[in-house]
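Presented below is the structure to which this report refers.
Only the coordinates and a few stated rules stand behind these numbers; no lab work does. This one's a predicted model, so the numbers in the text were calculated from it and none came from an experiment. Cβ sites come from the backbone with ideal geometry, for glycine too, and all protein chains shown count toward neighbours.
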Amino acid sequence: MSQAVDPVARTPLHVTGEVLGVKKVGAYHHLTLVAPGIPERFRPGTFVALSVGESRLARRCFWIHRVKPVGGYGATLQLVVEAVGPGTRCLTGLAPGARVEVTGPLGRPFALPKEPVSCVLVGDGYATAPLFPLAERLRERGCAVTLVVAGADEAHLLSALEARRSARSVTVVTADGSVGRRGTVADVLDEVLDRAAAEVVYAAGPLATLHAAAAAAETHGAWSQTAVERPLSCATGLCQGCPVPVVGEDGVSRLVRACADGPVFRGDRVRWADLTVAGLA
Amino acid sequence: MSTDLGGLALANPVLVASGCGGTGRELAAYGALSELGGFVTRSITLNPRAGGPLPRIVETPSGLLHAVGLQNPGLEPFLATELPWLVQQGTRVVVSIAGGSLGEYAEIARRLGRAPGVAAIEVNLSSPDAPTTGVFDVREPFHAASVVAAVHRDLPRGIPVLAKLRTDVVRVVESARTVLEAGAAAVVVGNALPAAMPDGRQAGLSGPAVRPLALRCVTEVRAALPDAQIVGVGGIVTADDVRTFLAAGVTAVQIGTALLHDPTAAARIVADLQSDREGAA
């Protein structure tokens, strides 16, 4: 952290938020929240933890997709939620005006390059969410931005249309071939990285996607920044429920926490093989 | 609100329970640790422990199942980095310890006794997954007493020993009596309940689900041992819960799982208790 940064502004907040709206977009829901103080502290790659009632104690964590003013509110958070269990279904069923406890922004964000270099952003499914604000910040710095947007099918592609406005070039990949190229991220990365002459690769998505992005970056001599998603319980670094095996700058292997020490890690530091084994259950 | 726990003056009766406050740094983002009665560290072992496989934490109605496997950096790194930082925060630092043998407990106690700033030692006598973690398996009250005696013998007199007991209504009084006779200054009642993960692995159950059981154990010990100092722990979420435990005769309480749901829980409880007193004055 540089000395110019006010450490208070970097600490997360725990606030009572208010739901402004829930909108279904494809397979996902976009949840817009007022959460005072959190949008101002947002940096791409950070996330929020939401509470879903008193009897469900684990937090539900979501990538911050957008931070923008809505109506009379200075800044709101837009989250992407895939309703897969009782907690997420409860959240997507909330009516405007509903109160929800929000903690954030949590975690370490994507590191931004100092020079205007060529960047490839790889997103898979709802995890593509933080890459849009990242693309914006990179473009502000004069970086050329290339996007790879992937998903199981068209419904699981996040904001592919918007992607065309955010990047110089967009490659769409679906597992079923319903839109764009058929296959996985791994099938297109070599070509995309070559064409873009990528110097930095940013990735968010399932472990296989992250691993593929980190490996492709390594092959092409690029840096990689991967947003590692693990099942989180407290999301604040307290419970040690989300270990990620990494190799530190000193070359020593250690376990760090996805929530507090990540979620963004240098791709060449993560011990992907061990992470996959540990995540089997 | 100040209170005396085994000769230790606490600013208020609210402590952070072992394993629920991270290293302290994470919690400090949400409120000064010095505002709390004290901070109990996660259980520290002589050698570093990598912890168990995933999932480590699973949600269950009004509770969390946890099988972290006592992940911790080991005594030396703890003494070098985590402890000095905690002491600097101006909070009472209670170091929770676990060992594989009586000799190991004694060794840890000796070294902690020489470390500046240790306010008390909490002996984890009831790790709900002890058999699989290689921790000295305390099955009988005399096992617990021998651990407490080993720790007590090797500590300077100014450092009280707290004995954290199993939430076992049938044996808790006998356990409390024997550890107090062995030199414990107070008993901590009670630890997570022995439980199982959905895949059958040994786990602990914590949270509001266990609160009535913890309270029952407290009342049993209070009734049988009127002079014993008791620290109540188990599913405490609100200031009202604290009042309930105080009314049952505890000297102090610990906040655990509530912090994993809301990192401001302990600070909020302290503030609520304080406003009570101001209202009464």
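Within region B:239-281, list the residues whose amide N lies under 19 Å from a label point set 7 Å along Cα→Cβ of residue B:225. B:245-254, by backbone N distance to the label point.
Taking all Cα pairs closer than 8 Å and separated by 6 or more residues, the relative contact order of chain B comes to 20 percent. Considering only A:29, A:211, A:14, the mean-square fluctuation computed in a Gaussian network model of chain A, springs between alpha carbons under 10 angstrom, is largest for A:14.
Suppose R0 equals 56 Å. What FRET efficiency, 1/(1 + (r/R0)^6) with r the Cβ-Cβ distance, do residue A:195 and residue A:99 give to the nearest 0.05?
0.70
Computed from backbone phi with θ = phi - 60° and the Karplus coefficients 6.51, -1.76 and 1.60, the 3J(HN,Hα) list for region B:104-118 is 5, 4, 5, 4, 4, 4, 4, 6, 5, x, 8, 7, x, x, 6 Hz; x is used for glycine and proline.
Bridges between two residues of chain B, per DSSP, are antiparallel at a rate of about 35%.
The largest-to-smallest principal axis extents of the Cα set in the protein assembly as shown are 75, 50, 47 Å. Residues whose amide H lies under 5 Å from that of residue A:122, counting only those 5 or more places away or on a different chain, are A:148, A:202, A:203, A:204; hydrogens are built 1.01 Å from N in the peptide plane.
Fewest-first ordering of A:143, A:259 by other beta carbons within 10 Å of each residue's beta carbon gives A:143, A:259.
Scaled against 2.2 N^0.38 Å for its residue count N, the alpha carbon radius of gyration of region A:118-278 is 1.01.
Taking every DSSP helix (H) stretch of at least 4 residues in the protein assembly as shown, weighting each as -39,500 (n - 2.57) and dividing the sum by the residue count yields a mean residue ellipticity at 222 nm of -8000 deg cm²/dmol. Here the protein assembly as shown is treated with +1 on each Lys and Arg Cβ and -1 on each Asp and Glu Cβ, and its dipole about the Cα centre works out to around 460 debye. Taking the three principal axes of the alpha carbon atoms in region B:3-280, the coordinate ranges are 51, 42, 40 Å, sorted in descending order.
DSSP beta bridges confined to region B:127-253 are antiparallel in about 30 percent of cases. Largest GNM mean-square fluctuation among A:19, A:264, A:228, using chain A with Cα springs under 10 Å: A:19.
Taking label positions 7 Å along the Cα-Cβ direction at both residue B:142 and residue B:174, the computed distance is 1.1 nm, reported to one decimal. Coupling constants for region B:224-240 follow from the phi torsions by the Karplus curve (6.51 cos²θ - 1.76 cosθ + 1.60, θ = phi - 60°), and in residue order they are 7, 10, x, 8, 6, 8, 10, 10, x, 8, x, x, 6, 10, 10, 4, 4 Hz; glycine and proline get x. Just check region B:1-82 against the gyration tensor rule for me: Cα atoms, a ≥ b ≥ c as the square roots of the eigenvalues, rounded for a/c under 1.5, and otherwise prolate or oblate depending on whether a/b exceeds b/c. Oblate is the answer for region B:1-82, as a/c is 1.5 or above yet b/c matches or exceeds a/b.
Which distance in Å, rounded to a whole number, links the C-alpha centroids of region B:1-59 and region B:90-127? Region B:1-59 and region B:90-127 have Cα centres spaced 13 Å from each other.
Determine, for B:143, A:65, A:156, the number of other Cβ atoms within 10 Å of each Cβ, and report the residues in order from fewest to most.
Fewest-to-most Cβ neighbours within 10 Å comes out as B:143, A:156, A:65.
Any idea how far the Cα center of region A:190-254 sits from the one of region B:155-194, in Å? When both Cα centres are located, 45 Å separates them. Extension gain for residue A:179 to residue A:89 (0.36 nm times residue separation, less C-alpha to C-alpha distance): 29.7 nm.
Per-residue 3J(HN,Hα) values for region B:29-40, derived from phi via the Karplus relation 6.51 cos²θ - 1.76 cosθ + 1.60 with θ = phi - 60°, read 5, 9, x, 5, 5, 5, 6, 8, x, x, 10, 9 Hz in sequence order (x marks Gly and Pro). The mean number of partner chain beta-carbon atoms within 10 angstrom of a residue's beta-carbon across peptide B:253-260 is 3.
Among B:105, A:73, A:202, B:30, a tally of other beta-carbon atoms within 10 Å of each Cβ gives an order, fewest to most, of A:73, B:30, B:105, A:202.
Taking the inverse of the mean 1/r over every pair of distinct Cα atoms in chain A gives a Kirkwood hydrodynamic radius of 19.0 Å.
The amide H of residue A:17, built 1.01 Å from its N in the peptide plane, has A:100, A:101, A:102 as neighbours under 5 Å, considering only residues 5 or more places off or on other chains.
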